[in-house]
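Rule-based calculations on the coordinates, nothing more; no lab input. Please read all numbers here as calculations on a predicted model, not as lab measurements.
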Amino acid sequence: MIGQRIKETRHRNNLTQEELAEGIISRTYLSLIEKGSVQPSTNVLIKLSERLNCSLNDLMSETANFRYNDVEVFREIVFHEYKVSHDEFSTVPELMTKEYEKADEISSVDCGRLHLLYAKYFRHQGDSRKMTHHADQSLLKLSNNVINQFYIDALLIKTSYLMDTGKVTEALDLLEDTYSLIYPMNELNLSKLKILFEIIECYYIKEQYFTCRRLMDKYTQLEHTMQVRYKEEGLSILAAKVAAYEDDLGLLDQLVGDSENDRMILLKCYNMYKKGQIKKCAEYFKSYVKNTDELKDDPLMLDIYNELEERIGTL
C-alpha cells in the first residue's frame, strides 16, 4: 500500500517517475516500489516524502485518511466495470484492498460505483450477506444524485435478493417507486424494461396473473418503441404460463412453438392435452424432465404438472 500511496501522491504533484526518482533511486526501482514488488527503506521513504512535499507519516498513514487522485480512481473503476461486465471478477479483490470508498475526497457517485462492483463480486461468490450490504451502500451513495444506470443495477441486485428470500411485496414497492421516477427519462429506456420485467415477475410470484398480462402488453409496446429486445425467452415463458392459466390456447400455441426449454415442453404438453391431442401429449410428457424444486416454487406450473400426471402419466 505504501507504493500505491507514493504513486498517487506523485500524480497529485504532477511528477513523472523520472522526476521523483532523480538523485534518490533509479526510475526502475521506483516503478517496482509503486507496484508493491519491493519495500523501500526508511531512508528512501524520507527522501521521497521531501520531494513529494509530504511527511513520512503521510506515506505510511491509514488508507482511509489518504488523499486519492480522482482521475486515477475513476480510471480504475471504469477498468473493473469493464471486466465485471464480461464476467471477469478476479481483479475485484485487489481493488477492494485499496479501500478507495473510505477516502474523504471521493465523490458519492464513484463511491456508489465501487460498492456496486463489490456487490456484483459477492453475488458472483454467492455471499448474499456481503452482496446486500454493498448493494445498500451503493444505493445510499447514488441516491444523492440523479437516478442513473448504476443506481438501477444496484436496485436490481437488492430486489432480486428480496424476491429470492420471499420479500416480494418489499421488492415490488421499490421497483414500482423507481419505475414511476424514471418513466419520463428517455435516456433510461433500457432500465425501464429491466425494472418492468422484474415487476412482472413479482406479480407472477404473487399469482396476480391478470396484472401480469396487462404489464406484459405494456412491456411489448415499450420494446417496440425502443426497437430492442430484452430477456425475450424469459418474457415468452411468463406469457405462455399466463396464457395457460387463461386457457388462451391460440396464444399458447404461438408461444410454445418448437422450444426445447423444459418449462415450455410442459406447457406444450398442456396445450396438446387441452386441444384433445392426448397421444401426442403423452409422448411429449415423457420427454419432460421434472424439476421438483422449480415446481415447488411455481404453483401454476405445479398444478399443470399434477393435472397432466393424473390424466396421462400412465399412458
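Remarks
- Difference of contour (0.36 nm per residue) and Cα-Cα distance, SER128 to SER107: 4.9 nm
- With distances taken between every two different alpha-carbon atoms, the stretch 70-254 has a Kirkwood hydrodynamic radius of 17.8 Å.
- When you work out D = kT/(6 pi eta Rh) for the chain at 20 °C and 1.002 mPa s, using the Kirkwood radius from C-alpha pairs as Rh and the Stokes-Einstein form, the result is 91 µm²/s.
- Full extension of the chain segment joining MET185 with ASP303 gains 38.4 nm, where the gain is 0.36 nm per residue of separation less the Cα-Cα distance.
- Taking 0.36 nm per residue of sequence separation and removing the Cα-Cα distance, the GLN227/HIS11 pair yields an extension gain of 73.3 nm.
- Whole-angstrom gap from the stretch 105-121 to the stretch 145-200, using each part's C-alpha centre: 18 Å
- Pairs beyond 19 Å (Cα-Cα), from LYS274/LYS296; LYS167/LYS206; LYS83/LYS141; LYS194/LYS231; LYS206/LYS286: LYS274/LYS296; LYS83/LYS141; LYS206/LYS286
- For the stretch 202-309, alpha-carbon Rg over 2.2 N^0.38 Å: 1.08
- Per-residue ellipticity at 222 nm from helix content only, as computed over the chain with -39500 (n - 2.57) for each DSSP H run of at least four residues, stands at -22000 deg cm²/dmol.
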